[in-house]
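Remarks on the structure that follows.
The values are calculated or read from the model by the stated rules, or taken from the named source; none is laboratory data. A quick note: this is a predicted structure, and the numbers were derived from the prediction, not measured. No Cβ is skipped: glycine too gets one built from the backbone with ideal geometry, and neighbour counts run over all protein chains shown. Remember, those area values only see protein heavy atoms, side chains included, never the ligands or the DNA or RNA. Shrake-Rupley method; radii C 1.70, N 1.55, O 1.52, S 1.80 Å.
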Amino acid sequence: MATYYTETVLTVRHWTDTLFDFTATRNPGFRFISGQFTMIGLSINGRPLLRAYSMCNANHEENLAFFSIKVPDGPLTSVLQRLAPGDALLVGAKPVGTLIQDNLLPGKILYLLGTGTGLAPFASIIKDPDTYERYDRVVLVHGCREVAELGYGELVVNSVLADEFLGELAREKLLYYPTVTREAFRNTGRITALLETGKLQADLGLPALNQEMDRVMLCGSPGMLEDLNVFLRAGGFEEGNHHAPGHFVIEKAFVEK
Ligand code: A2P
């Protein structure tokens, strides 16, 4: 079996100096669970250079979608950011990851907490009808430094809300809370502070966070993950994994170079 597929880039969209998203063809044999990631990359000087990327598309969608940072001297992203439609993209054939529903105990409210490109796995999860079957409410919180960095997330949320099949369910259950930390916006502050003060729940009209009802998925920088890990554990939340489901699960927002 192939260790990776060679796909073709279909679209590329640049959001800021540091963020872009792209889509590519998908081999019909490539299956994954919403929230998982795989290794993707390019053949550079005849050698594959791959990094972990979460799929932003839902499992039922025809094409693959990814959300990436750009690092000027990053070995992969410095080249990847110059991608154009028609280019070849290597896609690892073995998706993996902990941000999957089976790693969580049943609950009522699902919190998807992401910073920066940590939005990516949640883009897939909010497009999956299974998510809405499992929960009464799905709360997507995306924290960024600046408003322009929220663009891709906004677009994905709007497409889900307007979707012919999923729209009705999503309009009933999905709550979207974008927040920025370095300029003025309707919501400001770090996700950690919004949870610690209860402002997030107050703004959304939700009950205080509790491990009986709430399930949490985290994806972001190491500092964000560490702080939220400490906060959730202090509130009695236990981390789930492939062996034992829990109240919350964690994945690092991978691509740093
Ligand atoms: P801040 O601007 O206060 O650093 P980055 O681009 O550095 O990954 O940051 C993305 C977003 O995550 C920013 O809004 C940033 O806020 C926020 N952030 C950084 N560190 C943490 C943390 N430890 N807990 C919560 N949010 C964080």
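In table form, for the structure just shown:
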{"read-out": "Residue 6 being farther than 29 Å from residue 149 by Cα, assigned to a strand (DSSP E or B) and in contact (Cβ under 8 Å) with a residue 12 or more places away in the chain", "value": "yes"}
{"read-out": "Residue match in the range 249-257 (condition: surrounded by fewer than 16 Cβ atoms within 10 Å (Cβ to Cβ), over 21 Å from the mean Cα position of the chain (by Cα) and within 15 Å of the ligand (Cβ to nearest atom))", "value": "no"}
{"read-out": "Out of 119, 140, 99, sole residue that is touching a helix residue (DSSP H, G or I) at 6+ places or on another chain (Cβ under 8 Å), of a type in the set (A, V, I, L, M, F, W, C), part of a loop (DSSP other than H, G, I, E, B) and under 16 Å from residue 56 (Cβ atoms)", "value": "99"}
{"read-out": "Some residue of the range 166-178 being part of a loop (DSSP other than H, G, I, E, B) and open to solvent by 50 Å² or more (accessible area, probe 1.4 Å)", "value": "no"}
{"read-out": "Restricting the range 198-230 to residues that are more than 23 Å from residue 149 (Cβ to Cβ) and within 13 Å of the ligand (Cβ to nearest atom), the residue that is surrounded by the fewest Cβ atoms within 10 Å (Cβ to Cβ)", "value": "230"}
{"read-out": "Hits in the range 140-163 - residues which are in contact with a Phe, Trp or Tyr (Cβ under 6 Å, 6 or more places away or on another chain) and away from the ligand (no atom under 16 Å from the Cβ)", "value": "157"}
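The rows are residues; the columns are (1) open to solvent by 10 Å² or more (accessible area, probe 1.4 Å); (2) touching a helix residue (DSSP H, G or I) at 6+ places or on another chain (Cβ under 9 Å).
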residue: 37; (1), (2): yes, yes
residue: 46; (1), (2): yes, no
residue: 52; (1), (2): yes, no
residue: 57; (1), (2): no, yes
residue: 77; (1), (2): no, no
residue: 86; (1), (2): yes, no
residue: 91; (1), (2): no, no
